[in-house]
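Just so you know, all these numbers are worked out from the coordinates, no wet-lab data involved. Worth saying up front: this structure is predicted, and the values here are computed from it rather than measured. FYI the Cβ positions are ideal-geometry reconstructions off the backbone, even for glycines, and counts take in every protein chain you see.
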Amino acid sequence: FMSSAHINISPFILVQIKPAREAMGRWFSLRSELLAFLFISAGLILAVILWGSGQLIRRMREADERRTALYHQVEYSNKLASIGRLAAGVAHEINNPLAIINEKAGLLLDLVTVGPETRHEERLVAAVNSILRSVQRCKKVTHRLLGFARHMDVQTETIDLENLLREVLGFLEQEAEYRDLTVSFQVQDKLPTAVSDRGQLQQVFLNILNNAFAAVSDGGRIGIELAREDADHVAVTIADDGVGIPKEHLQRIFEPFFTTKSGTGTGLGLSITYGIVKKLGGTCRVESEVGTGTRFTVVLPISREG
């Protein structure tokens, strides 16, 4: 680097020569400081972004876990509410065999305490057999109810859908008789078994049947049809001749908290039903016409043995 200046009243010129590195030293120092500041600032910004992203992801994960936990709680609460609705039918189912047991036990007591000159072997055997049959009826009812009440962890098994649906209808049998409802079955020949979770399917079909029972008037009809959907799936259709669902409501029928039952429904039953069916690898669809009725179809994967 070179600089010069004229000396007054002199023919000489003052020349100053400096190495370029020395002359540009301050500029290089300032540039280095600026670059260091920029790198440090960028690093801090990146660190803040990474920290903020981590916090956001953690909170989103926690919120998702809470949402999942709440959904399972609501799902199980819905199942318990359904069990409460079934209490009257279950009590009736158990009370009948208990009355038989009580009657036959009294008869046995009479036969045992009667004089030894009279023999009642045949009546004793008949009374004991009647008691055993009644105990088996109670056992089936309680086992069915306990199986229905268990938590919602998926435990797949091979299931005969006709038998399962008849079990679910057993819970509603008293209401059907009281309201003079006709429930018909139509089962395709050689229908394959499904591979699914028994307890959760009971919940699905109970929710749909509850809606069908609520939709029909006394003396109404409900039809259940089981048939192959395709080579890998079986379809269960539950149809009623009730009031039907308006077209504008069909698109929202599986939404949480959406209900057409003014003041009585929670709007969770069909939403939970849809979620369970999807979790089990199936699909659920609905068709309805106001004044004609509604058809719910649940499509489930079949077992390879079926």
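Only counting other Cβ atoms within 10 Å, I'd like 274, 178 sorted with the fewest neighbours first. Write out the running numbers ahead of the final one.
Numbers: 274 21, 178 11.
Ranked by crowding around the Cβ, least crowded first: 178, 274.
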- Message: How would 229, 33 line up from fewest to most surrounding beta-carbon atoms within 10 angstrom?
- Response: 33, 229
- Task: Give me the net charge of residue 65's neighbourhood, meaning all other residues with Cβ under 14 Å from the Cβ of residue 65; Lys, Arg count +1, Asp, Glu -1.
- Result: +3
- Item | Estimated vicinal HN-Hα couplings, Hz - the stretch 182-193 in sequence order (Karplus 6.51, -1.76, 1.60; Gly, Pro = x) | 9, 10, 10, 10, 9, 10, 5, 4, 6, 5, x, 6
- Task: Rounded to whole Hz and in sequence order, give me ³J(HN,Hα) for the stretch 45-59 from the Karplus expression 6.51 cos²θ - 1.76 cosθ + 1.60, θ = phi - 60°, writing x for Gly and Pro.
- Result: 4, 4, 5, 5, 4, 5, 5, x, 5, x, 5, 5, 5, 4, 5
